[in-house]
1. Does any residue of the stretch 557-571 turn out to be within 30 Å of Glu289 (Cβ to Cβ) and assigned to a helix (DSSP H, G or I)?
2. Would you check if there is a residue in the stretch 264-278 being surrounded by fewer than 18 Cβ atoms within 10 Å (Cβ to Cβ) and either in contact with a His (Cβ under 9 Å, 6 or more places away or on another chain) or modelled with pLDDT under 80 (or both)?
3. Looking only at the stretch 48-63, which residues are over 13 Å from Pro31 (Cα atoms), surrounded by 13 or more Cβ atoms within 10 Å (Cβ to Cβ) and not basic (Lys, Arg)?
4. Which residue out of Gln541, Gln522 is outside the structural domain of Arg637 (by TED's automatic domain parsing), surrounded by fewer than 13 Cβ atoms within 10 Å (Cβ to Cβ) and out of contact with any Asp or Glu (no Cβ under 8 Å at 6 or more places or on another chain)?
5. In the set Val120, Val124, which member is under 12 Å from the mean Cα position of the chain (by Cα), crowded, with 17+ Cβ neighbours inside 10 Å and closer than 18 Å to Ser232 by Cβ?
6. How about the stretch 394-414: which of its residues are of a type outside the set (Lys, Arg), surrounded by fewer than 14 Cβ atoms within 10 Å (Cβ to Cβ) and not in a strand (DSSP E or B)?
7. So, in the stretch 206-232, how many residues would count as being crowded, with 19+ Cβ neighbours inside 10 Å and part of a loop (DSSP other than H, G, I, E, B)?
8. Are any of the residues in the stretch 380-391 at pLDDT 70 or above, more than 17 Å from Leu436 (Cβ to Cβ) and part of a helix (DSSP H, G or I)?
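The values are calculated or read from the model by the stated rules, or taken from the named source; none is laboratory data. Quick caveat, the model's predicted, so the values are computed rather than measured. Every residue, glycine as well, gets a Cβ built from its backbone with ideal geometry; the counts of neighbours run over all protein chains shown.
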Amino acid sequence: GSSDECRVPSVTMAAWDLCVTVEELGPEAPPFKVSVTSDLHIGGVILRIVEKTQIKKNWSDHALWWEQKEQWLLRPSWTLEKYEIHADARLSLTSQHKPLRLDLPNGTTLRVQACFSRPVFQTVMGVCHLLNIRHPEELSFLRPVEEKKKKEKEAEKDVVHDLTALKVMSGTHHPTLSNGMPVHFADSPQTEAVYKLLSVSLPAPPPETITRMLHPSGLMDKAQVHNRWLDSSRSLLQQGVKAEDKLLLRFKYYCFHDLDPKYDAVRLTQLYEQARWAILLEEVDCTEEEMMLFAALQYHIGKVSLSEPQPTTSCPAMDDLDSALKCLEVKMESEKTRVEDMLYFISTQEMAPELQDYLKLFRPKRLTLKGYKQFWFTFKNTSISYYKSREETLKEPIQQMNLKGCEVAPDVSVAAQKYCIRLLIPEAEGMNEVYLRCENELQYSRWMAACRLASKGKTLADCSFSSEVENIQSFLAMQQSTPGANTAQTDEIINTHSLVSRRYQKKYKAKQLTPRILEAYQNVSQLPLTQALVKFLQIWQALPDFGVSYFVVRFKGCRKDEVLGVTNNRLIRINLSTGDVAKTWRYNTMRQWNVNWDIKQMAIEFNGNVNIAFSCVTATCKIVHEYIGGYIFMATRSREQTEGLNQELFFKLTGGHEAL
């Protein structure tokens, strides 16, 4: 019952029963009844429930959710009375952070811990912080398109990379390693691999994938996308999102502040992927010439992403013991889970943690005219030793090189059958440069994988060795597409239909496209990866339709639906049937705007006594209001802005507030 501290002098408050379900106990568990008085504060209610459950755990992430009102009770010092909670309230004690599946622009699906209790604006910030994407205010969550029930087989295809265990240091800037990878991703080979997936452009999709995906067939379709944005000022749970649901993380505002390749590997790659899909799916129109250049750039970016060395970390990675333990852990798990994994486990064991073979060695620094010379090499732990011949291995090696902290780069031409590994090994005097030449792809893949692992301080026994070998082999396979001097036979080598949108897939045969794309490719083939990505984004941003978000609206006093285009600097009035622009209004002439929530109408006043008003047909007023307010907020950011975002201003400009 009620204890003494609940009593107000002279007046005893009446005790009553409050029903609270505890998520922890499962969906079937009956709610707890807790005896309370109206002056009990929320913190006290939680305490009583937790005592009743008798579960010993850390409850600090839990809070009360009021089901009927769809409201979080996040102020522990507020009383039940202040929240106006009575005996008919159904409350639930639930965690504020829950797993969420996120689909990124490049099609990767991640599972992350996300905050379900704060405004979505802050949840997106948290997710971007985790993924190392700066300027999270430019992104938001979209609901996925309702899919028709997939067949059992297809449903299995979604690969989800689990990052729920990833812990981030607080603070705005991540400590990063020399290759720009945030420290928290360097925890395990798995998370490193995921970081690579996020920060390196993925290979071109097969043409069927492009054809199968949704293509907007007109302005109406383009407008439908935008009614799926979540409301930034309300929480996920308030918007009906449940744990394990899938959302799309996308760039929403097309004004990309301060793109810096040094810090923005993930941001730049994902932005490129979003742009590339917008073009492949014809969400934004471009001319045939532009399409050829986009195709050439994609082709080039795809190629360079595979061949340019991802700079390795020069800091000695995990201790070998530590990595061995981790490795064992992963293997134990895989043994437990599936028979195939078990077989895989055995096969990787047979690949014995040692490589030996004849390779050729070349040292550019030595003043000899001799080129590559053959030796017998052994690779053990993180070191390479070499001998005159296989028979000499019982003697001392000619030299032993420890590769920990070295730089590893490929020097490969599939067309010329050249498979070399370039090593820069740190020594007291500087870097020792060594080239190893392999005979064939398989040998190269295994030695290259070993060198990469060793540079991070990992041995051949590490569980990521075989997947590293596979990656390298698939990269080589994709480089088969190097167009030689004889471009006659290049029709299947360059997969043209993966580089252009459906319209051009239908209009031209692959062999008609090849010479045109290769011609455009000559102009960009010298660009380094980052510049190629930036070039692609610049051409995209220069398209007339770039960055226009469409909404179907009904202007006040008009009989038919029209389209409102919202961009980063203006509003555009567009004829729905013809697509012609009727009028534009620039934000810098805007005096104020407001929303009449009752009749769901938005009114905007511009300089010179220009007033417009419209109601929204395809999306809610809130979404349009937030888009315009959001763009005005983006314009307030300054180059010098090092301190955090002015979130309050964002909510003021995008929330249900009346005016500027």
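1. Looking through the stretch 557-571, none of the residues is within 30 Å of Glu289 (Cβ to Cβ) and assigned to a helix (DSSP H, G or I).
2. Within the stretch 264-278, none of the residues are surrounded by fewer than 18 Cβ atoms within 10 Å (Cβ to Cβ) and either in contact with a His (Cβ under 9 Å, 6 or more places away or on another chain) or modelled with pLDDT under 80 (or both).
3. If the condition is that a residue be over 13 Å from Pro31 (Cα atoms), surrounded by 13 or more Cβ atoms within 10 Å (Cβ to Cβ) and not basic (Lys, Arg), then Trp59, Asp61, His62, Ala63 are the ones that fit.
4. Gln522
5. Testing whether each residue is under 12 Å from the mean Cα position of the chain (by Cα), crowded, with 17+ Cβ neighbours inside 10 Å and closer than 18 Å to Ser232 by Cβ leaves just Val124.
6. The answer is Leu394, Glu396, Ile398.
7. 3
8. The answer is yes, given that some residue of the stretch 380-391 is at pLDDT 70 or above, more than 17 Å from Leu436 (Cβ to Cβ) and part of a helix (DSSP H, G or I).
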